[in-house]
1. Which residue out of A:K4, A:K31 is of a type in the set (K, R) and touching a strand residue (DSSP E or B) at 6+ places or on another chain (Cβ under 8 Å)?
2. Here is a list of conditions, (1) open to solvent by less than 50 Å² (accessible area, probe 1.4 Å); (2) away from every other protein chain (no Cβ under 14 Å); (3) modelled with pLDDT under 90, and B:D106 meets all of them except one; can you say which number that is?
3. Can you find, within segment A:105-116, the residue that is nearest to B:W67 (Cα to Cα) among those that are facing chain B (nearest Cβ under 10 Å) and surrounded by fewer than 16 Cβ atoms within 10 Å (Cβ to Cβ)?
4. Which one of these does B:A11 not meet: (1) away from every other protein chain (no Cβ under 13 Å); (2) of a type in the set (A, V, I, L, M, F, W, C); (3) touching a residue at least 12 places away in the same chain (Cβ under 8 Å)?
5. Restricting to segment B:38-65, name every residue that is open to solvent by 60 Å² or more (accessible area, probe 1.4 Å) and more than 12 Å from chain A (Cβ to nearest Cβ).
6. Of the residues that sit in segment A:52-97 and are assigned to a strand (DSSP E or B) and among the aliphatic types (A, V, I, L, M), which one is farthest from the other protein chains (Cβ to nearest Cβ)?
7. I need every pair where a residue in segment A:100-112 that is within 22 Å of A:I25 (Cα to Cα) has its Cβ under 8 Å from the Cβ of a residue that is part of a strand (DSSP E or B) and open to solvent by 40 Å² or more (accessible area, probe 1.4 Å), sequence separation at least 6 or different chains.
8. Just checking, how many residues over segment B:3-24 are open to solvent by 50 Å² or more (accessible area, probe 1.4 Å) and within 17 Å of A:L108 (Cα to Cα)?
Amino acid sequence: MPIKIVVTSVLVDDQEKALRFYRDILGFELKHDIPMGHHRWLTLTSPGDSDGVELLLEPDEHPAAKPWKTALVADGIPATSFGVEDVHAEHARLSALGVAFTQPPVHLGPVTTAVFDDSCGNLIQIAQRH
Amino acid sequence: MDFDRLFRALADPTRRRMLDELAERDGQTLFELHVRLISWHGASLSRQALSKHLQVLEEAGLLRTEWRWRSKHHFLERSPLRQMWDVWMRPLAEPPEKERADADQDRRDERAGR
């Protein structure tokens, strides 16, 4: 049995706000919401794929987390990347919901990508393969 | 205007390519510019090297940066290029009609041994 990717994470400044963004705006589905001290073990999956890889919304409490996130955002570097079928359609849909993009859809070789602000201290890339 | 600085900034193919990329889409972050250059340039360009190139271009007045929310975006400044053209390049490349006519006459005289 090979090692599998089961959970990946983004560091968020507020789990409740992040849940609203990642579930209600991006459209992911809640998988686990387990209280853990001050925080929650909060994971989501892609819509229609509840057995798929989980995204953990992890608190950015560590003192090094915020300077790191701030530096990435300053240079426009996304914390992670998600796949979409149609970047232009997602750009239009998310923009209409008030999501701010640092990079509109740009065609670069085998992919078209766009980058937006997740409102929790990260930039997120969406990519469409051609 | 500091022509030496301007020509030094333009004397590097990567920096010229960066200006081309900004002309194609103005207001890019370091990340976008880096991805674009890598797809042109191959993986050899580090982000640190790119930062240095950006600094050279900014000091030459060829780009300016602007913070939008918490991200820094880079914009092409075309005015130094226009000034360089107006002040130095155009007079060389396109001399006024009379001077050009005189120069042509001089060359004809020369050939005729006058």
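1. Working: A:K4 fails: touching a strand residue (DSSP E or B) at 6+ places or on another chain (Cβ under 8 Å).
Only one candidate qualifies: A:K31.
2. (1)
3. A:L108
4. Checking B:A11 against (1) away from every other protein chain (no Cβ under 13 Å); (2) of a type in the set (A, V, I, L, M, F, W, C); (3) touching a residue at least 12 places away in the same chain (Cβ under 8 Å), the one that fails is (3).
5. B:H41, B:A43, B:S44, B:K52, B:Q55, B:E58, B:E59, B:R64 - these are the residues of segment B:38-65 that are open to solvent by 60 Å² or more (accessible area, probe 1.4 Å) and more than 12 Å from chain A (Cβ to nearest Cβ).
6. First, the residues of segment A:52-97 that are assigned to a strand (DSSP E or B): A:54-59, A:80-83.
Among the residues that remain, those that are also among the aliphatic types (A, V, I, L, M) are: A:55-57.
Numbers: A:L55: 21, A:L56: 23, A:L57: 20 Å.
My answer is A:L56.
7. Taking only residues 6 or more apart or on different chains, the pairs are A:T102/B:R68.
8. Qualifying residue count for the region: 4.
The values are calculated or read from the model by the stated rules, or taken from the named source; none is laboratory data. Bear in mind the structure is a predicted one, so any value in this text is a computation, not a measurement. All Cβ positions, even for glycine, are placed from backbone atoms using ideal geometry, and neighbour counts span all protein chains on display. Only protein heavy atoms, including side chains, enter the accessible area calculation; ligands, DNA and RNA are left aside. Shrake-Rupley method; radii C 1.70, N 1.55, O 1.52, S 1.80 Å.
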